[in-house]
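Student: Here it is, the structure in full.
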Amino acid sequence: MTFFITSAGPGNGADLGGLEGADRFCQGLAQTAGGGDLTWHAYLSVPAMDGKAAINARDRIGKGPWHNVAGTLIARTVGELHNSAANLTKETILTEKGAKVNGRGDTPTCTTSSPAPPRTGPPIRRGVTRRATHGRATAKAAHV
């Protein structure tokens with residue numbers, strides 16, 4: 001497993017504790033699911049501010065390839081992950097526990113994403129919220 005959507009939020013709504021907190025949360029979920037031997041990064045970007053450079057999500061996630069918890073190839077490269085060649089379907093976008101994630105046509109759902117292509121701007125969260133515990137618009141980050 002090198003790619004997952006979080007099965008739960010950290011419990012503070014959309015407050016993930018910045019990039020460090022989001023990464024720590026991802027690492028913990030991955031560890032629990034047996035993928036803790038890798039270093040995990042939340043798919044999040046932050047804009048340039050207070051004299052600090054912007055951080056782009058796609059620059060934080062490595063070079064690929066990415067596989068879901070079932071071993072299915074999601075994408076071979078960063079470029080492929082961000083274009084129509086990515087294997088991002090209802091059947092392949094799984095949580096770290098292997099569960100499907102609600103999306104378009106499902107109830108409840110709330111989708112947030114980076115503008116294409118994912119670059120800096122306001123803080124962004126790419127992912128899909130699911131289940132009643134996330135019906136309050138808690139952002140979930142795709143972890144790659």
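Student: What is the residue count in segment 46-59 for residues that are surrounded by 13 or more Cβ atoms within 10 Å (Cβ to Cβ) and either of a type in the set (S, T, Y) or free of Cβ contacts under 8 Å to residues at least 24 places away in the same chain (or both)?
Tutor: The qualifying residues number 1.
Student: Sticking with this one: What number of residues in segment 23-40 are under 20 Å from K63 (Cα atoms), of a type in the set (A, V, I, L, M) and buried (at least 18 other Cβ atoms within 10 Å of the Cβ)?
Tutor: 1
Student: Looking at D23, D15, which is the one that is assigned to a loop (DSSP other than H, G, I, E, B) and free of Cβ contacts under 8 Å to residues at least 60 places away in the same chain?
Tutor: The match here is D15.
Student: Using the structure shown, decide if G62 is at pLDDT below 95 and open to solvent by less than 20 Å² (accessible area, probe 1.4 Å).
Tutor: Taking the combined requirement at face value, the residue does not satisfy it.
Student: Any residue in segment 25-48 that is charged (D, E, K, R), out of contact with any Lys or Arg (no Cβ under 6 Å at 6 or more places or on another chain) and either modelled with pLDDT under 95 or within 21 Å of R104 (Cβ to Cβ) (or both)?
Tutor: Looking through segment 25-48, at least one residue is charged (D, E, K, R), out of contact with any Lys or Arg (no Cβ under 6 Å at 6 or more places or on another chain) and either modelled with pLDDT under 95 or within 21 Å of R104 (Cβ to Cβ) (or both).
The values are calculated or read from the model by the stated rules, or taken from the named source; none is laboratory data. Keep in mind it's a predicted model, so treat the numbers as computed, not measured. Backbone-built Cβ (ideal geometry, glycine too); neighbour counts: all protein chains shown. These area figures cover heavy atoms from the full protein model, side chains too; ligands, DNA and RNA do not enter into them. Shrake-Rupley method; radii C 1.70, N 1.55, O 1.52, S 1.80 Å.
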